[in-house]
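One structure below.
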Amino acid sequence: MERKYTEIAGSAQLAAYRKSLAERGVAKIAVDFEGEFNLHVYGEHLCLIQVYDGRDFVLIDPLKTGEEELRAFLEMKSPVKLFFGADSDRMLVYKQYGIKIASLFDVQHLVEVLDLEKKGLDSVLFSQLGVEVVKKKKFQQYNWMTRPLDGEAKAYALGDVEYLFRLSEVLLEKIIERGLVEEMAFRLVSGQLDYDRKTVPGIFKTPEYRKMRGAVKSRYERAVEIREEFARQMNVPPNLVLTKQDLADIAYDPAAVKRVRFNKRVTEKTRMELIRRMEQD
């Protein structure tokens, strides 16, 4: 069934929607994000906010909406915002805007309390509601920075919020039936996100990096810094500049940078400068 939805592409429209929620006395909304994570351009970016308020589906375009109004929407105390697996969403807007989402209820915590065998949203929707998510693979690599967004992509994105109301109700009923309310309360309290925790980039979590010592490790870390600098300047994913394997090869042998098979989007001028920097450092 095709979902009808409203698109919000500006601060005034989002302010009006916030006012509508308050006037209608909406107690909770289902929310999800689509983002860009160094897949098509450099860095992490909030690209789309999907909302279902029990009556209307809404797509908010953060690329066309001012930061002040995005903050007002995400930090409002009411309504409660239902997410599923919210940690990455919360960190995304915190790192990009310094926003801490208020009144957030992560439905995934209910899944953890019930200790369901499969805890991902797609699996839980199927096991609890009989809802099967289709065309997921098609949009796993989708460029959500694209404008205008593909109509099918928007319909897919709305699927992540359509069933959160029903899902949370079903899971809560089971928790009550099994006498797990106290455990749920502990889970919700202990599940608060530490926004100030220091995170280690994935590039420094690989088994190969952990084996490195001394000068090799130092060269690897410096190569990562240089790669980040060039990727930022070019506005491309870092892996397009140099792969993880390229970085490892350079760490063990700086001359290996001359043997790199660069992506065609890396110009000859950039290649020469990158080689110079790697050899210099």
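Miscellaneous remarks
- From the options Lys137, Lys118, Lys174, residue that is surrounded by 14 or more Cβ atoms within 10 Å (Cβ to Cβ) and more than 20 Å from Tyr52 (Cα to Cα): Lys174
- When the residues of segment 149-184 are filtered to those that are acidic (Asp, Glu) and in a helix (DSSP H, G or I), the one that is farthest from Val107 (Cα to Cα) is Glu152.
- The residues of segment 93-111 that are surrounded by 15 or more Cβ atoms within 10 Å (Cβ to Cβ) and either touching a Gly at 6+ places or on another chain (Cβ under 9 Å) or not hydroxyl-bearing (Ser, Thr, Tyr) (or both), listed by number, are Val93, Gln96, Ile99, Ile101, Leu104, Phe105, Asp106, Val107, Gln108, His109, Leu110, Val111.
- Top-ranked residue of segment 61-73 - restricted to ones that are in contact (Cβ under 8 Å) with a residue 40 or more places away in the chain and surrounded by fewer than 18 Cβ atoms within 10 Å (Cβ to Cβ), ranked as farthest from Arg147 (Cα to Cα): Ala72
- Positions within segment 68-116 being among the charged types (D, E, K, R) and not in a strand (DSSP E or B), in sequence order: Glu68, Glu69, Arg71, Glu75, Lys77, Asp87, Asp89, Arg90, Lys95, Lys100, Glu112, Asp115
- Whichever residue in segment 5-51 is over 22 Å from the mean Cα position of the chain (by Cα) and assigned to a loop (DSSP other than H, G, I, E, B) and, among such residues, is surrounded by the fewest Cβ atoms within 10 Å (Cβ to Cβ): Gly25
- Considering segment 177-207, the residues that are exposed (fewer than 13 other Cβ atoms within 10 Å of the Cβ) and among the polar types (S, T, N, Q) include one that is modelled with the highest pLDDT, namely Thr199.
- The C-beta contact set for segment 150-162 (first residue touching a residue at least 12 places away in the same chain (Cβ under 8 Å), second residue of a type in the set (Ser, Thr, Tyr), distance under 7 angstrom, 6+ apart or interchain) comprises Ala153/Tyr142; Leu158/Tyr5; Val161/Tyr52; Glu162/Tyr52.
- Qualifying positions in segment 192-221 - under 25 Å from the mean Cα position of the chain (by Cα) and among the basic types (Lys, Arg): Arg197, Lys198, Lys205
- Pair list, Cβ under 7 Å, 6 or more apart: segment 36-57 residue closer than 26 Å to Glu169 by Cβ, other residue among the hydroxyl-bearing types (Ser, Thr, Tyr): Asp56/Thr6; Phe57/Tyr5
- Qualifying residue in segment 152-175 (condition: more than 30 Å from Leu59 (Cα to Cα) and of a type in the set (Ser, Thr, Tyr)): no
- Any hit, segment 74-92, residues being surrounded by fewer than 18 Cβ atoms within 10 Å (Cβ to Cβ), in contact with a Leu (Cβ under 7 Å, 6 or more places away or on another chain) and either of a type outside the set (A, V, I, L, M, F, W, C) or over 27 Å from Val41 (Cβ atoms) (or both): yes
- Close contacts from segment 261-281, counting a first residue that is under 11 Å from Ile226 (Cβ atoms) and a second that is assigned to a loop (DSSP other than H, G, I, E, B) and among the aromatic types (Phe, Trp, Tyr), with Cβ to Cβ under 9 Å and a gap of 6+ residues or different chains, come to Leu274/Phe262.
- Yes/no for Val58 being assigned by TED's automatic domain parsing to the domain that holds Lys28, part of a strand (DSSP E or B), crowded, with 16+ Cβ neighbours inside 10 Å and touching a helix residue (DSSP H, G or I) at 6+ places or on another chain (Cβ under 7 Å): yes
- Within segment 151-163, the set of residues being surrounded by 14 or more Cβ atoms within 10 Å (Cβ to Cβ) and either more than 19 Å from Ala86 (Cα to Cα) or under 19 Å from the mean Cα position of the chain (by Cα) (or both) comprises Ala153, Lys154, Ala155, Tyr156, Ala157, Leu158, Gly159, Asp160, Val161, Glu162.
- Hits in segment 227-260 - residues which are in a helix (DSSP H, G or I), buried (at least 18 other Cβ atoms within 10 Å of the Cβ) and touching a residue at least 40 places away in the same chain (Cβ under 8 Å): Phe230, Ala231, Pro238, Leu247, Ala248
The values are calculated or read from the model by the stated rules, or taken from the named source; none is laboratory data. All of these numbers come straight from a predicted model, not from anything done at the bench. Here Cβ is always computed from backbone atoms with ideal geometry, including for glycine, and neighbour counts include all displayed protein chains.
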